[in-house]
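Right, one structure below, let's go through it.
What follows is calculated from the coordinates using simple rules that are stated; it is not laboratory data. As the structure is a prediction and not an experimental result, all values here were calculated from the model. When we count neighbours, we look across all protein chains shown, and the Cβ atoms used for this are built from the backbone with ideal geometry, even at glycine.
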Amino acid sequence: MSDELILEVVTPEKMVFSGKVDEVTIPGTEGDFGVLRGHEPFLTFVDIGELYYLASGKKTYYAVNTGYAEVTGGKVTVLIETAERADAIDKDRANKAKEKATASLSQLTKEHDEYEKMHLALTRAINRISIADKFS
Amino acid sequence: MASLKDIKRKVGAVAKTKQITRAMNMVAASKFKSAQLKMENFRPYAGKFMDVLNSVALRVESMTHPLLTVRDPKKIRVICMTSDRGLCGGFNTNLIKATERFIREKGKEGKEIALISVGRKGRDYFRKKVNVIAQKVDLLSKFDMTLAVSIADEVITPFIKEEYDELYLIYNQFVNVSVQKPTVVRLFPLPSIGQDTEVESDKRLDYVYEPSDEVLLHKLLPMYVHVLVFRALLETSAGENGARMASMDNATSNCEELISTLTLKMNKARQAAITAELMDIVGGTEALSKG
């Protein structure tokens, strides 16, 4: 068992975060889960939601998009499509995305191909807004 | 021999061309830098992804997934990934040639071929020649993972529905700034993953899976396709700009050469004109003094 916990958050665009943390909470598809050092090797999918880590007594929040998380030994690797730090979220843009998604959802039925896509877009926008709200 | 004025005009024209090619070279260089950066930023993601995929594949007992099923290939689809713009040397030409050769070979074997064209140049070339079923143009100047996802999803569903049997991706592999290699990769059925690679013993740790490992694999494989397509897109974009950089650099030095030859010619013509004029004056004075 290693006595430290390293977190790596990677998106296709860049390495968002890499460093030592005390604790991390990840929104898994089967529910949120926290990781402390010495966690069992673990692999799961990440859902749209809020990820945060605790380092030197401070919590940092990210709005994340789907991907997966792997825990091995003293290392947590989170591979996701997008990750935005709470203070870097563009709320206006999120609001616009929400409006747009709501508008197109009202015209679509569940059978429509676009429905699921727009629904996801809406979930993402709401997630970003709620996280941005919390920390602004 | 061309008149002095003609040559002068020509030098001016070539100088202007040189300005343009040099500007294009610089633009391509900066675009190339950002494309390269994107590629480098993607590397950790792709690397980590492969690690996980391999270790999952090792642990899953039976690799059964619709994307791995091998069928007798009768209907083939080909994704041809070119650039949207020209003036980048042989970048697109070589790729199109490779694609044509591939299609011809498969055609000889009696396969039915359909083409998915990514990039304007390939679309324009193949539009009237082969069956182009889908196209994505004017997207390469600015793209992210969502483009790769949309391309991949468009091919995954019909493959699972058995509308076609094999999918190939043809793109320019980025070797370095001046070398891009047209490469053919078979996407579907996916070549077996992780079975033959030795994974270091410390990575053989047993995972706790959530959800089950098979569900996990079912989600990972489409993501694997996304990663492959995205990497091809990145390499195409870097290769295109690298090729343009090189060819515009060539064009600029050609312009310089042309200008120096033309200047030499111009100087000769000017000297000839002066000599002729002098001869006239000398002839004139001589005639006067005799008179």
> Among all lysine pairs in segment B:18-87 that are eight or more places apart or on different chains, how many have alpha carbons less than 27 angstrom apart?
Replying inline: 5
>> Going by amide H atoms built from the backbone, whose H comes under 5 Å of the H on B:Gln173, apart from near neighbours?
In response: B:Lys181, B:Thr183
> Exposure proxy check: B:Arg77, A:Arg85 ranked by fewest other beta carbons within 10 Å?
Replying inline: A:Arg85, B:Arg77
> With the calculation restricted to Cα positions, what are the radius of gyration and Dmax of segment A:19-136 in angstrom?
Replying inline: 15.9, 49
> So what is log10(I(q)/I(0)) for segment B:1-125 at q = 0.11, 0.14, 0.21 1/Å, when the Debye sum runs over its Cα atoms only?
Replying inline: -0.74, -0.99, -1.17
>> As an exercise, take the mean of 1/r over every pair of distinct alpha carbons in segment B:33-90, invert it, and state the Kirkwood radius in angstroms.
In response: 15.9 Å
> Given labels modelled 7 Å from the Cα in the Cβ direction, how far is it in nm from B:Lys268 to A:Leu120?
Replying inline: 6.8 nm
> Where does chain A land at 222 nm, in deg cm²/dmol rounded to the nearest 500, when only DSSP H runs of n ≥ 4 count, each adding -39500 (n - 2.57), divided by all residues?
Replying inline: -10000 deg cm²/dmol
> Taking only Cα atoms, what is the 0 to 90° angle, nearest 10, from helix A:91-107's long axis to the longest principal axis of chain A?
Replying inline: 50 degrees
> In whole Å, what are the Cα extents of chain B along the three principal axes, biggest one first?
Replying inline: 116, 45, 28
> Using the C-alpha atoms of the protein assembly as shown, what convex hull volume per residue, in cubic angstrom, is computed?
Replying inline: 244 Å³
>> Quick check: from the Cα gyration tensor, does segment A:5-86 come out rounded (a/c under 1.5), prolate or oblate?
In response: rounded
